[in-house]
Amino acid sequence: TGIRFITNLPTGFCPLAWTFPRYKNFPGTFNIKPTMMKLLEDASYSRYRIAMAYMDAVGADMLDAMLARGNTSLTLVVPRNPNVYHDANRKALKRLIHKNADRRNGDSSNLKIVMLDDMLHAKVFFAESDDGAVPDVAMLGSCNLKQRSLGQFVEL
């Protein structure tokens, strides 16, 4: 427990990674996605609250992997009209909603999406446990749930 700083620190440019960001990162150290995935996969946590300005299919798939565990719930707070990436956000939300509902025979009660009328630029990740011995975890920073944020950009 305690405070830890998790960062993405690219050290160079890679044309292949720029062209295919889903499959390759820039050179450097990228610790945010593995840290988030570890928390999303941790069965100690069952409730997640995430506020995110931007998301794409990679981010939707990360959240869907957590929802696929079956005993989890997610409240996702996003801007209704982000200042950029409108289509990416909407496609990612649709992907997440449909994958979750299809897996649960149409039941989406474990997923709540709150769309704010104002632009939300915050990035907050909060995981709660029902086990009093397991501490709740929060991540605050600059990283969006987008493939370039997770594997190319300097983020914390």
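The values are calculated or read from the model by the stated rules, or taken from the named source; none is laboratory data. The model shown is predicted, which means the values in this text are computed figures rather than measured ones. Backbone-built Cβ (ideal geometry, glycine too); neighbour counts: all protein chains shown. For accessibility, only protein heavy atoms count, side chains too; no ligands or nucleic acids. Shrake-Rupley method; radii C 1.70, N 1.55, O 1.52, S 1.80 Å.
Normalised radius of gyration (Cα atoms, divided by 2.2 N^0.38 Å) for the stretch 50-130: 1.05. Scattering from the stretch 89-156 was approximated by placing one identical point on each alpha carbon and applying the Debye formula without solvent; log10 I(q)/I(0) at 0.22 1/Å stands at -1.17.
A simple spin-label model places the labels of Asn105 and Arg4 3.9 nm from each other, with each point 7 Å out along Cα-to-Cβ. Cα-based values for the chain, radius of gyration first and Dmax second, are 15.5, 47 Å. Checking the cross-link pairs Lys24/Lys112; Lys94/Lys123; Lys38/Lys91; Lys112/Lys146 against a 23 Å limit on the alpha carbon distance flags Lys24/Lys112; Lys38/Lys91 as lying beyond it. Proximity of backbone amide H atoms, modeled 1.01 Å from N, is registered between Val154 and no other residue at under 5 Å, excluding neighbours fewer than 5 places apart on the same chain.
Check the straight Cα-Cα distances from Lys99 and name the aspartates and glutamates below 12 Å, setting aside those fewer than 8 residues away within the same chain. Once the sequence-local aspartates and glutamates are set aside, what remains near Lys99 is Asp61, Asp64, Asp107.
Note on Asn83 and His98: the extension gain reaches 2.9 nm, defined as 0.36 nm multiplied by sequence separation minus the Cα-Cα distance.
Could you give the accessible area per residue of the stretch 1-120, probe 1.4 Å, as a whole number in Å²? Let's see the in-between values first.
Numbers: 6860 Å² over 120 residues.
So the stretch 1-120 comes to 57 Å² accessible per residue, rounded to a whole number.
Viscosity 0.692 mPa s, temperature 37 °C: Stokes-Einstein D of the stretch 1-76 from its Kirkwood Cα radius, in µm² per second? Working shown, then result.
Numbers: Rh = 14.2 Å.
Estimated diffusion coefficient is 231 µm²/s.
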